[in-house]
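Take a look at the structure set out below.
The values are calculated or read from the model by the stated rules, or taken from the named source; none is laboratory data. It should be emphasised that the depicted structure is a prediction, and the values quoted were computed from it without experimental measurement. Glycine gets a Cβ as well: all are built from the backbone with ideal geometry, and neighbour counts include every protein chain shown. Please note that ligands, DNA and RNA were not included when accessible areas were found on the heavy atoms of the full protein model with its side chains. Shrake-Rupley method; radii C 1.70, N 1.55, O 1.52, S 1.80 Å.
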Amino acid sequence: MRATLFVTLVMFAASSPAFAGNAKEDVRARKIMYDYARCVVKLKPQRAANAILANSDNSEILKEYPDLISSNCMAQVAGNVKMTFGGDLYRYALADALVNAKFSEKFETNFSNRLPLAHLRPSTPEELEAKLGKEKSKRARTKIQEDEDKRAGITWLSHYGECIVRKDPVRARLWLLTPPDGPEEVSRIGDLRPTFSDCLDGGTVKFTRVTLRGAVAINYFRLASATPQLIAEKAQ
């Protein structure tokens, strides 16, 4: 049996973020991903943290952190099931596991003393034009454009996740501490809906639950791990 995980960011005309429903197989796949990442983080906590703090994307993790791909962990949590982590799913899962491992008890309630985070950057129009100019086949050019569109979506979502965590770090953390797809997670999502809307700033989007939780997890871990900055007090 092959369980394949995938996430799509889609734009819709809706007043607030909505969450796509999970089929039975998707729920099982998400549970395996959840348990697998926790196994990896338990074995390699610092390496996993380094990968997230370096803001590595999935392809960079596979290249620079091959030790974070554990066949033993996969066999332990999934048996013979094979997993494919599409998009940014693996780093989402690692960040989620890291938050649970490091901030389940010791945590902060305000990140206003953290500098703005750096996010994955899509190509500039000039860079994209140069990439397209090197390819003669229509197929190759289409692939480049599709990859660029995906990266732009991931970049936007990353900024959105930072906004959510900064506006409501307490509820964001409580969401990340809940097991996936249970009634408590649904409740935590409901608690955060006003914040989701506030951070849209007039935009309209639809997310899968996995996508948004992953973006929140990455930004929470990065902000919680960042060095606090001194904030000058206002003169009385």
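Within the range 123-162, restricting attention to residues that are touching a Leu at 6+ places or on another chain (Cβ under 7 Å) and among the hydrophobic types (A, V, I, L, M, F, W, C), which residue is farthest from Thr208 (Cα to Cα)?
Among those residues, the one meeting the criterion is Ile144.
Just checking, does the range 197-208 include any residue being modelled with pLDDT of 85 or more, closer than 27 Å to Asp26 by Cβ and open to solvent by less than 30 Å² (accessible area, probe 1.4 Å)?
There is at least one residue in the range 197-208 that is modelled with pLDDT of 85 or more, closer than 27 Å to Asp26 by Cβ and open to solvent by less than 30 Å² (accessible area, probe 1.4 Å).
Within the range 109-118, which residues are under 14 Å from Val170 (Cβ atoms) and either open to solvent by less than 70 Å² (accessible area, probe 1.4 Å) or under 19 Å from the mean Cα position of the chain (by Cα) (or both)?
The answer is Phe111, and nothing else.
Return the pairs, sorted by first residue and then second, in which the second residue is of a type in the set (Val, Ile, Thr) and open to solvent by less than 70 Å² (accessible area, probe 1.4 Å), the first residue lies in the range 32-54 and is farther than 24 Å from Leu117 by Cα, the beta carbons are less than 8 Å apart, and the residues are 6+ apart or on different chains.
Ile32/Val77; Ile32/Val81; Asp35/Val77; Tyr36/Val77; Cys39/Val77
Within the bounds of the range 148-156, is there any residue that is free of Cβ contacts under 8 Å to residues at least 40 places away in the same chain, open to solvent by 10 Å² or more (accessible area, probe 1.4 Å), polar (S, T, N, Q) and within 20 Å of Leu53 (Cα to Cα)?
There is at least one residue in the range 148-156 that is free of Cβ contacts under 8 Å to residues at least 40 places away in the same chain, open to solvent by 10 Å² or more (accessible area, probe 1.4 Å), polar (S, T, N, Q) and within 20 Å of Leu53 (Cα to Cα).
With respect to Gly153, is the statement that it is out of contact with any strand residue (DSSP E or B) (no Cβ under 7 Å at 6 or more places or on another chain) and over 18 Å from Asn219 (Cβ atoms) true?
No, not satisfied.
Of all residues being touching a strand residue (DSSP E or B) at 6+ places or on another chain (Cβ under 8 Å) and open to solvent by less than 70 Å² (accessible area, probe 1.4 Å) in the range 27-44, which is modelled with the lowest pLDDT? Just the residue, please.
Filtering first and then ranking leaves Ala29.
Please verify whether Lys131 is in contact with a helix residue (DSSP H, G or I) (Cβ under 7 Å, 6 or more places away or on another chain) and surrounded by 15 or more Cβ atoms within 10 Å (Cβ to Cβ), treating the condition exactly as stated.
yes
Among the residues of the range 87-108, count how many are under 17 Å from the mean Cα position of the chain (by Cα) and of a type in the set (S, T, N, Q).
Residues flagged as under 17 Å from the mean Cα position of the chain (by Cα) and of a type in the set (S, T, N, Q) within the range 87-108 amount to 1.
Could you check, for the range 182-194, whether at least one of its residues is assigned to a helix (DSSP H, G or I), touching a Cys at 6+ places or on another chain (Cβ under 9 Å), open to solvent by 50 Å² or more (accessible area, probe 1.4 Å) and farther than 21 Å from Asn55 by Cα?
Taking every residue of the range 182-194 in turn, none turns out to be assigned to a helix (DSSP H, G or I), touching a Cys at 6+ places or on another chain (Cβ under 9 Å), open to solvent by 50 Å² or more (accessible area, probe 1.4 Å) and farther than 21 Å from Asn55 by Cα.
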